[in-house]
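Each remark here refers to the structure printed beneath this line.
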Amino acid sequence: MTDLLKIKAKITALLAKAKGTDNEHEAAAFMAKVEELMDEYQIEIYELGDQSDTMGHEDFFSSTPA
């Protein structure tokens, strides 16, 4: 696994931990680390496969009829 893939996996794991905790301070700490790593490695959220951020991922064409 390349270094960038390892970083993306780490960010994804931290995002899951942030979303999975009820402790707001813990979630904030996880998100701070996520933002730090994303800034450091110039990674956008859509590159992680997170479908909650749809910016730039609007499907104009579909293979199935509407």
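The values are calculated or read from the model by the stated rules, or taken from the named source; none is laboratory data. The shown structure was predicted, so the numbers you read here are calculated from the model rather than taken from an experiment. All Cβ positions, glycine included, derive from the backbone under ideal geometry; neighbour counts span all protein chains shown. Please note that ligands, DNA and RNA were not included when accessible areas were found on the heavy atoms of the full protein model with its side chains. Shrake-Rupley method; radii C 1.70, N 1.55, O 1.52, S 1.80 Å.
How many residues are among the β-branched types (Val, Ile, Thr) and open to solvent by less than 60 Å² (accessible area, probe 1.4 Å) when one looks only at segment 1-18?
Residues meeting the conditions: 2.
Residue-by-condition table, conditions (1) touching a strand residue (DSSP E or B) at 6+ places or on another chain (Cβ under 7 Å); (2) small (Gly, Ala, Ser); (3) modelled with pLDDT of 95 or more; (4) open to solvent by less than 100 Å² (accessible area, probe 1.4 Å):
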position	(1), (2), (3), (4)
Gly20	no, yes, yes, yes
Glu24	no, no, yes, no
Ala28	no, yes, yes, yes
Ala32	no, yes, yes, yes
Glu40	no, no, yes, no
Ile45	no, no, no, yes
Thr54	no, no, no, yes
Thr64	no, no, no, yes
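Pairs needed: first member in segment 29-51, of a type in the set (Val, Ile, Thr); second member anywhere, assigned to a helix (DSSP H, G or I); C-beta distance under 6 Å; at least 6 residues apart or different chains.
Sorted first by the residue in segment 29-51, then by its partner, the pairs are Val34/Ile11; Val34/Leu14; Val34/Leu15.
Could you count how many residues in segment 32-48 are farther than 11 Å from Ile7 by Cα and in a helix (DSSP H, G or I)?
8
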